[in-house]
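Have a look at the structure that comes next, please.
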Amino acid sequence: MDDHTTISTFQLFKMFPDNESARVYLEARLWPSGPRCPVCAGLDRITTRTNGYYRCNKCAEDFTVRTGTVMERSHVPLHKWLYAMYLLVTARKGISSLQLSKEIGITQKSAWFVLGRLREACGSDFKSLSGIIEVDETYIGGKESAKHASKRLKQGRGAVGKSAVLGMRERGGRTVAMPVEDVNTANLHRAIHTHIEPGSMIHSDEHAGYRGLGGLFFGRETVNHSAGEYVRNGVHTNSIESVWAVLKRGLHGVYHHASDKHLARYVNEFTFRLNEGNVKRHTFQRLNSLIAATAKRRITYKELTA
């Protein structure tokens with residue numbers, strides 16, 4: 001497989017023109033050793049039934065390739081799910097539910113649910129970061145000056161009325177980001193100790209919340225943005241700031257708004273695309289990463305809208 005080739009939408013439709021062709025492909029990716037029972041994880045004593053159904057004779061469970069994934073109990077055909085996954089990993093700034101509904105011929109409500117489920121799957125990567133890690137925070141939300149007078153908080157400018165997001169990017173590697181309730185020392189240190197391996201070198205600005213990180217567990221170098229310093233002998237936070245640029249373009253330009261309730265899932269989508277959707281990887285490698293992430297990540301409409 002040529003790692004620098006991509007699959008066009010036309011090619012994708014030719015390869016997976018219907019539910020059956022998509023089912024066969026998903027089964028091969030999710031069950032490389034054959035059908036596996038989602039209840040007992042058994043591979044033997046499985047009986048093939050009709051229309052993609054299987055029966056586990058050990059625990060008397062009927063199941064399909066959707067069972068136990070974000071696609072469970074969805075009436076959207078599997079080839080449309082595949083196309084939605086393709087768009088999510090290849091659209092750099094994301095795709096709106098309205099656009100997706102037009103692309104695959106489902107209602108906007110169904111498209112919103114499909115995207116919500118896929119974002120849930122994007123949050124399944126818990127690998128630790130190591131080496132040189134750039135750490136920075138940003139704020140998501142509209143400007144106070146752009147809000148209707150009745151909705152302004154009247155508490156100043158800057159971060160007022162916005163949601164804080166903390167990001168950590170491995171130099172030349174993976175990214176982890178998540179909303180934080182407050183950018184105080186306790187929250188920042190907790191997240192950093194959770195996601196960064198001891199012995200790593202942290203690059204950050206001089207935000208007070210990062211003080212105390214250098215020493216026993218991590219090394220730390222800083223750049224003084226307030227003094228106009230952005231790079232010093234290889235010390236910078238430019239890579240994580242480029243993540244914020246893409247995130248904000250997508251949230252403002254494509255999605256327009258992300259509520260606090262769903263912000264973590266939107267952030268997961270963008271970080272997943274950065275980590276697994278690198279254009280240097282073959283399109284199917286990117287697509288297969290998302291397919292693998294859908295397993296054991298079921299979320300219902302009630303849970304998504306609660």
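May I ask for the equivalent-ellipsoid semi-axes of the stretch 132-258, computed as the square root of five times each C-alpha gyration tensor eigenvalue and listed largest first in whole Å? Intermediate results must be reported in sequence, preceding the final value.
Details: eigenvalues 153, 49, 42 Å².
Working through the eigenvalues yields semi-axes of 28, 16, 14 Å.
Could you tell me what % of all Cα pairs in the chain have separations over 23 Å?
Summing the P(r) of the chain above 23 Å gives 62 percent of all pairs.
For the pairs Lys14/Lys102; Lys58/Lys127; Lys127/Lys296, note any where the Cα-Cα span goes beyond 24 Å. Can you show the working numbers first?
Details: Lys14/Lys102 19 Å; Lys58/Lys127 34 Å; Lys127/Lys296 17 Å.
Checking Cα-Cα distances, Lys58/Lys127 exceed 24 Å.
I would also like to ask the following. Modelled label-to-label distance, Leu43 and Tyr230, 7 Å Cα→beta-carbon offset: nm?
Simple spin-label model gives 5.3 nm for this pair.
Can you give me the angle between helix 185-195 and the longest principal axis of the chain, using Cα atoms only, in degrees from 0 to 90, rounded to the nearest 10?
Tilt relative to the chain: about 40 degrees.
Rounded to the nearest 500, what is the chain's calculated 222 nm mean residue ellipticity when only DSSP H runs of at least 4 contribute -39500 (n - 2.57) each, over all residues? Walk me through the numbers on the way to the answer.
Numbers: 10 runs with 111 residues, N = 306.
Estimated from H runs of four or more residues: -11000 deg cm²/dmol.
To continue, here is another question. Taking the Cα-to-Cβ direction at Glu206 and at His262 and moving 7 Å from each Cα, how far apart do the two end points lie in nm?
Between Glu206 and His262, the label points sit 4.0 nm apart.
Mark the label point 7 Å from the Cα of Lys109 along Cα→Cβ and return the residues of the stretch 67-99 whose backbone N is within less than 20 Å of it.
Backbone N within reach: 71-77, 81, 96-99.
Here's another thing I want to ask about it. Taking the convex hull of the Cα atoms, report for the stretch 212-256 its projected area averaged over all directions, in nm².
Numbers: hull surface 19.3 nm².
Over all viewing directions, the stretch 212-256 projects a mean Cα-hull area of 4.8 nm².
While we're on this one: Just report the Cα centroid separation between the stretch 238-306 and the stretch 69-126, whole Å.
One Cα centre to the other: 11 Å.
Values quoted throughout were computed directly from the atomic coordinates according to the rules given, and no laboratory measurement underlies them. Note that this is a predicted model, so its numbers are computed, not measured. Please note: Cβ atoms are built from the backbone with ideal geometry, for glycine as well, and neighbour counts cover all protein chains shown.
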